[in-house]
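One structure is given here, and the rest of the page talks about it.
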Amino acid sequence: MQKPIDRAAAEPQANALATIFQFGTAKSSHDSPSPQSLRVALVGNYTPQRCGIATFTSDVVESFGEFEPDVRFDVHAIYDSTNPVIHEGVRNEIEREDIDAYRYAARLMNEDRVSAVWVQHEFGIFGGDSGEHILELVDRVAAPVAVTMHTVLSDPTPKQAQITLHLVRKASALMVMSQLGCDLLVRRYGADRQRIHVIEHGAPDRQLRLSRLASAGTSARLMTFGLLGPGKGLESAIAALPAIVARHPATIYRIVGMAHPHQLRDHGEEYRESLVALADRLGVADHIEWDNRFVSTEELLEQLEACDIYLTPYLNLQQSTSGTLSYAVALGRAVISTPYTHALELLPDTGGSLVEPNDPAAIARAVNRLLDSPDELEAVQLKSYRRGRKTIWSNFAAYSGAMLESIASAPAEVSATQLRAVPGLVAFEAMCDDTGMLQHGIGLIPDRRHGYCLDDCARALMLVNRVSWRSGGEELVRATRFASFIQHAWNEDRHIFRNFMRFERTWCEETGSQDSNGRAIWALGDTAANSRVEEVRQWAEKLFGTVADIALEFQSPRAIAFASLGAASMLERDPDKAPARAIAESSGRTLYSLLCSARRPDWAWFEAVVAYDNPRLPQALIECGGVCGQPTWIESGLETLRWILERQVGKGGYFRPVGCESFGRVGEILPFDQQPLEAWATIDACRTAMQIDGSREWAEHAARALRWFHGANDRGVALVNARLGSCLDGVTPIGANGNCGAESLLAYQLAYYGYDAIGAEEGTARPEYGGARSAHIA
């Protein structure tokens, strides 16, 4: 390979993404060296496997080694036990049909702390129905994922469509090799065009060898290369030979390549034998040279340079990538092809010819026209060669290296000053009205379509209890707004709280979930203990006594935990409150029993799955143990809290909360989507643990969780605006969720106050109104 061409003079690539291209040139490590190297997990078939993806993946490693050495690849090679090969120099092998091998590979990538994962996707190379096993890997990796879509289907099966849509949702970058593939991803699969990178298939950089034809009588050589199978359409090319040979008797057609391994396994040489029989019937057998091998890249290039015209009569018009087509164009060969996606986009710039599938007469006419005119053939070869300069491997490596660099993310550095910044309340006030707090936002704009819910109003009341307002009047105004909602949510006839309310102030239901009821009890206990307005404390204590008995019927572990946290707050203020004590004792017994039943040597948890708000369970067990004098509960709570925290730390030492995709997956913890609720719960649970044993490890865990809000996370994205007090809805595989809902905003605000309480000096009185820590509206 030669050194990169001057990309400043190159024509623009089809997608002019600002993050990659500047004035039509790729951002190359040679132009501005990367401040640090990237470690990328490369997933796909790999040499010495005999297929196009394996050759491509190997070429990627080689080209980056020469032209983009700042990118280091860990190859995770797909291994087919039915066609075994010995992979050398790879990080890991993934047995094609072993679903656990994909999960292991993801775990290994996470442990390796790779900067990005680059999947070479083609239907048929991965295991499972339509290759669905690759999703097991993609769902489990924490690093950003780039997916090269070697084929984008316009008419997929339902399963193929499902897999493609899943990859589109999860990929931080989607790479295709044609603009048509890009357009299809957008139109058919709803992909974000800004995440699509059009990077043409790489090709070798060699000097042009023009055709040897000097006159119409000189021997002409046609060629097709690739793994043989019915989709190659070689019947049409062979059927065109009689008309070609009649005009140019010395023509030879070389068909290079062995049967596809799957074709060979299932049908043997049946396809090749049918082609041989066809040639015999047409009387052109002497004009075909069969090279029944998978030749090396170097030999392939030599054979391409020796041919005059390259044929790709493929039947599958959805094929968006052909490595051999790219090679043929880069070497300056005249090409005659059916109009499959890649050829349709590449050939108009080369002077090559497009013919319809299954049309031998059209192939014969196109070949004879070029063989009749050596000057025209030479002109096509020159034009093809010039077009191929765009695709040489040095350019490919620069473009795709820039793509990988654009998605690679590292946790942000978060200063102590950022952690101490008191969140403003502008965004909070904007989400509220006279009724309560609206649930969702479109960006920062409240979305009235979804109305209100008890969950958010309960959390909002707890936030009011923590903010240092300028006066008792300010606290009262805000507290009554949410207290009134909670009061109205109580359904006396059903003896249970409602949860969801429409914007028009009509209830969506007569009974809310157990979790929402548990949060209401939690907010009442918290308010009775922490409000600085006596009348509000009295209201909360009275309603708590009215509703407390419903907590004794809860089955949901989180509803039980929420209610017990409210009860513990009540008992810290007044140890003689019988309803609160009944909740704490019942909840502690239930949580401890759940833990004893579900705990395993490698699974110290309350359930066989992890879900949301996870640290609340050990926090509640510790709190119940403290108010009920049960040291066994306390020790078990501390043990399980340590267990869940160990699983919420990325290999770089930053906070990685349990992703919501873990819900319902027995014994598994997945990294996305990451929710602010988990970070707040972690901080509060660490505060409880620190009050029990005084260890600074809890403060360190809490600081890690608060940093997550500020960008110390898997995508390096800051979720919060401290001045406004806003918070985005979490971290997804492709970055931050751009919306700002009440749950996320409240989680950030309450997380700050929980962390602030950990740092407060023991025994320091809470600031009264107008204190220096006031977080009034800016």
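The values are calculated or read from the model by the stated rules, or taken from the named source; none is laboratory data. Note that the structure is a prediction, hence the values are computed from the model and not measured. Cβ sites come from the backbone with ideal geometry, for glycine too, and all protein chains shown count toward neighbours. SASA here: full protein model, heavy atoms, side chains in, ligands and nucleic acids out. Shrake-Rupley method; radii C 1.70, N 1.55, O 1.52, S 1.80 Å.
Of the set (1) closer than 27 Å to ALA191 by Cα; (2) surrounded by fewer than 20 Cβ atoms within 10 Å (Cβ to Cβ), all apply to GLU111 but (1). Using the structure shown, decide if GLN120 is at pLDDT 95 or above, outside any loop (DSSP other than H, G, I, E, B) and open to solvent by 10 Å² or more (accessible area, probe 1.4 Å). Against the criterion (at pLDDT 95 or above, outside any loop (DSSP other than H, G, I, E, B) and open to solvent by 10 Å² or more (accessible area, probe 1.4 Å)), GLN120 does not qualify.
Yes/no per residue for (1) open to solvent by 40 Å² or more (accessible area, probe 1.4 Å); (2) in a helix (DSSP H, G or I); (3) within 16 Å of VAL609 (Cβ to Cβ):
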position	(1), (2), (3)
GLU661	yes, yes, yes
VAL666	yes, no, yes
LEU677	no, yes, no
CYS686	no, yes, no
GLN691	yes, yes, no
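For the range 165-189, the set of residues classified as open to solvent by 10 Å² or more (accessible area, probe 1.4 Å) and either touching a Cys at 6+ places or on another chain (Cβ under 6 Å) or aromatic (Phe, Trp, Tyr) (or both) consists of TYR189 only. Applying a threshold of 8 Å to beta carbon distances and a minimum spacing of six or more residues, or different chains, the list of pairs starting in the range 574-586 at a residue that is touching a residue at least 60 places away in the same chain (Cβ under 8 Å) and ending at one that is assigned to a helix (DSSP H, G or I) reads ILE583/ILE521; ILE583/ALA548; ILE583/ALA551; ILE583/LEU552; ILE583/ALA563; ILE583/SER564; ILE583/GLY566; ILE583/ALA567. Just one residue in the set LEU382, LEU404, LEU419, LEU438 is under 30 Å from GLU700 (Cβ atoms) and not in a loop (DSSP other than H, G, I, E, B); that residue is LEU419.
Name the residue that is nearest to ALA142 (Cα to Cα), counting only residues in the range 164-181 that are of a type in the set (S, T, N, Q) and part of a helix (DSSP H, G or I). The residue in question is THR164. Checking each residue in the range 694-752 for being under 19 Å from VAL649 (Cα atoms), of a type in the set (Val, Ile, Thr) and open to solvent by less than 30 Å² (accessible area, probe 1.4 Å) picks out VAL731, THR732. Note on the range 222-268: among residues that are in contact with a strand residue (DSSP E or B) (Cβ under 6 Å, 6 or more places away or on another chain) and closer than 21 Å to VAL85 by Cα, the one that is modelled with the lowest pLDDT is ALA259.
Across the range 558-573, the qualifying residues are those that are without any contact (Cβ under 8 Å) to a residue 60 or more places away in the chain and more than 26 Å from PHE663 (Cα to Cα), and the one among them that is most open to solvent (accessible area, probe 1.4 Å) is GLU572.
Across the range 608-655, which residue is least open to solvent (accessible area, probe 1.4 Å) among those that are in contact with a strand residue (DSSP E or B) (Cβ under 9 Å, 6 or more places away or on another chain) and of a type in the set (Phe, Trp, Tyr)? Going through the qualifying residues, I end up with PHE655.
Somewhere in the range 183-200, is a residue in contact with a helix residue (DSSP H, G or I) (Cβ under 7 Å, 6 or more places away or on another chain) and modelled with pLDDT under 95? There is at least one residue in the range 183-200 that is in contact with a helix residue (DSSP H, G or I) (Cβ under 7 Å, 6 or more places away or on another chain) and modelled with pLDDT under 95. Scanning the range 93-103 for residues that are of a type in the set (A, V, I, L, M, F, W, C) and either open to solvent by 20 Å² or more (accessible area, probe 1.4 Å) or touching a Gly at 6+ places or on another chain (Cβ under 7 Å) (or both) returns a single hit, ILE99. Of all residues in the range 65-74, none satisfies being touching a strand residue (DSSP E or B) at 6+ places or on another chain (Cβ under 8 Å), in a loop (DSSP other than H, G, I, E, B), at pLDDT 95 or above and of a type in the set (Phe, Trp, Tyr). When ALA161, ALA142, ALA191 are screened for being out of contact with any strand residue (DSSP E or B) (no Cβ under 7 Å at 6 or more places or on another chain), of a type outside the set (D, E, K, R) and assigned to a loop (DSSP other than H, G, I, E, B), only ALA142 passes.
On the stretch given as the range 56-92, residues that are farther than 14 Å from LEU404 by Cα, buried (at least 17 other Cβ atoms within 10 Å of the Cβ), of a type in the set (Asp, Glu) and in contact with a Ser or Thr (Cβ under 9 Å, 6 or more places away or on another chain) total 1.
For (1) open to solvent by 10 Å² or more (accessible area, probe 1.4 Å); (2) over 29 Å from PRO156 (Cβ atoms), each residue gets a yes or a no:
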| residue | (1), (2) |
| --- | --- |
| ALA246 | yes, yes |
| HIS260 | yes, no |
| ARG265 | yes, no |
| ALA328 | no, no |
| ALA334 | no, yes |
| ASP359 | yes, no |
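Within the range 586-607, the residues that satisfy the criterion of being surrounded by fewer than 17 Cβ atoms within 10 Å (Cβ to Cβ), farther than 26 Å from PHE672 by Cα and touching a helix residue (DSSP H, G or I) at 6+ places or on another chain (Cβ under 9 Å) are ARG589, CYS596. Put simply, of GLY545, GLY525 the only residue that is buried (at least 21 other Cβ atoms within 10 Å of the Cβ) and part of a helix (DSSP H, G or I) is GLY525.
Filtering the range 485-502 to residues that are open to solvent by 70 Å² or more (accessible area, probe 1.4 Å) and either in contact (Cβ under 8 Å) with a residue 60 or more places away in the chain or out of contact with any Ser or Thr (no Cβ under 8 Å at 6 or more places or on another chain) (or both) leaves GLN487, HIS488, GLU492, ASP493, HIS495, PHE500, ARG502. Within the range 412-439, the set of residues being crowded, with 21+ Cβ neighbours inside 10 Å and not hydrophobic (A, V, I, L, M, F, W, C) comprises PRO423, GLY436, GLN439.
A Cβ distance below 7 Å, combined with a sequence gap of six or more or placement on separate chains, defines the contacts here; from the range 206-222, residues that are part of a loop (DSSP other than H, G, I, E, B) reach residues that are of a type outside the set (Lys, Arg) and modelled with pLDDT under 75 in the pairs ARG212/THR218; ALA220/LEU213.
In this structure, does GLY89 turn out to be part of a loop (DSSP other than H, G, I, E, B), touching a helix residue (DSSP H, G or I) at 6+ places or on another chain (Cβ under 7 Å) and at positive phi? For GLY89, the condition - part of a loop (DSSP other than H, G, I, E, B), touching a helix residue (DSSP H, G or I) at 6+ places or on another chain (Cβ under 7 Å) and at positive phi - is not met. Every condition in (1) at pLDDT below 95; (2) under 27 Å from the mean Cα position of the chain (by Cα); (3) surrounded by 20 or more Cβ atoms within 10 Å (Cβ to Cβ); (4) closer than 30 Å to GLN120 by Cβ is met by SER409 except one, and the failing one is (3).
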